[in-house]
């Protein structure tokens, strides 16, 4: 049947099935190669953005102690950039609609909580501490994937990988000579927001049909609006900004963080649309090796050699992780807004044709 379709579309007769079969085979091989390298390119894209943005934010927060202002600048830059490119016809992004805003309310809450706690962690600790704590998140997310997102539990190799990540986190914390209560308090806050955001965003990507640029626009625009409502109450940041001269270097740094932030947001949604929540987080952890390399080059507040050993162990463990497959009979849970549109198969469809089930009378299409 698959060989007959291309023959008919090309205008060939019934006797030309062999060339059509060859054409279908070549097309399928090409499609498989494109799909394979598409995932690799997405992971490289995400890895570059993830490795650089955390270091850029660390430098930005160190020179300008106004994390909320920095976040607002990044979010508004991203939303304005996507909207401008959409108006120019360069990319496609959905306009604001109430039906699409509703699923993004919790995304914005998780996104803002994660970003703000991220910035606060970087104020009180070094990059290595943050990366190591992030490396332990796949342990919990693998359970969330199983309970909420229909994945199998991780296999033996992946369990070993996660155990290495946890051992890395514990060893790093034990040898952390620069322990600060504020740093670890914000790490716990970040941990909760991050786990929720990673799981819920994957759910929305699976159930709400939108372009990736539309997701980037909604997330950044709605998050910027929420932060603008909070910013008038950040009196300490007002004092910092009032006395700050904003040299050219700082302006360039903010612009760079905005550009990388746009790419990071887009790459994050691309990756989450193509891999499981746990696999996406593991990829993020492994990609942080680039952050360490950059941090060692430009920063002086580093971890000790023992801590770096535990960090390397965690990154090695992350590289062993394998994504768990979907369970065969799993059907993703739809959000409440979409439950009324659920279509169920008609058991008599083989004899009567397809049937459409909706609230109210059943209509059969013969």
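The values are calculated or read from the model by the stated rules, or taken from the named source; none is laboratory data. Bear in mind the structure is a predicted one, so any value in this text is a computation, not a measurement. When we count neighbours, we look across all protein chains shown, and the Cβ atoms used for this are built from the backbone with ideal geometry, even at glycine.
Laid out as a table, the results:
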quantity	calculated
Qualifying residue in the range 57-78 (condition: farther than 25 Å from residue 243 by Cα and in contact (Cβ under 8 Å) with a residue 12 or more places away in the chain)	yes
Sole exception among (1) free of Cβ contacts under 8 Å to residues at least 24 places away in the same chain; (2) more than 30 Å from residue 149 (Cα to Cα); (3) part of a helix (DSSP H, G or I) for residue 185, by number	(2)
Residue in the range 103-112 that is modelled with pLDDT of 80 or more, in contact with a helix residue (DSSP H, G or I) (Cβ under 9 Å, 6 or more places away or on another chain), farther than 23 Å from residue 275 by Cβ and surrounded by fewer than 21 Cβ atoms within 10 Å (Cβ to Cβ) present	yes
Filter pass, residue 160 being assigned to a helix (DSSP H, G or I), free of Cβ contacts under 8 Å to residues at least 60 places away in the same chain, surrounded by fewer than 21 Cβ atoms within 10 Å (Cβ to Cβ) and in contact with a helix residue (DSSP H, G or I) (Cβ under 8 Å, 6 or more places away or on another chain)	no
From the options 203, 266, residue that is under 13 Å from the mean Cα position of the chain (by Cα) and closer than 20 Å to residue 53 by Cβ	266
Single condition residue 210 does not satisfy, out of (1) at pLDDT below 80; (2) in a loop (DSSP other than H, G, I, E, B); (3) surrounded by fewer than 22 Cβ atoms within 10 Å (Cβ to Cβ)	(1)
Residues of the range 88-119 that turn out to be in contact (Cβ under 8 Å) with a residue 24 or more places away in the chain and not in a helix (DSSP H, G or I), as a count	5
Single residue of 248, 216, 204 found to be more than 17 Å from residue 77 (Cα to Cα) and in contact with a helix residue (DSSP H, G or I) (Cβ under 6 Å, 6 or more places away or on another chain)	204
So residue 267, is it touching a helix residue (DSSP H, G or I) at 6+ places or on another chain (Cβ under 6 Å) and either in a helix (DSSP H, G or I) or over 20 Å from residue 100 (Cβ atoms) (or both)	yes
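So that you can scan it fast, the table gives a plain yes or no per residue for (1) at pLDDT below 70; (2) in contact with a strand residue (DSSP E or B) (Cβ under 8 Å, 6 or more places away or on another chain); (3) surrounded by fewer than 21 Cβ atoms within 10 Å (Cβ to Cβ); (4) part of a helix (DSSP H, G or I):
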position	(1), (2), (3), (4)
273	no, no, yes, yes
282	no, no, no, yes
290	yes, no, yes, yes
296	yes, no, yes, yes
301	yes, no, yes, no
309	no, no, yes, yes
317	no, no, no, yes
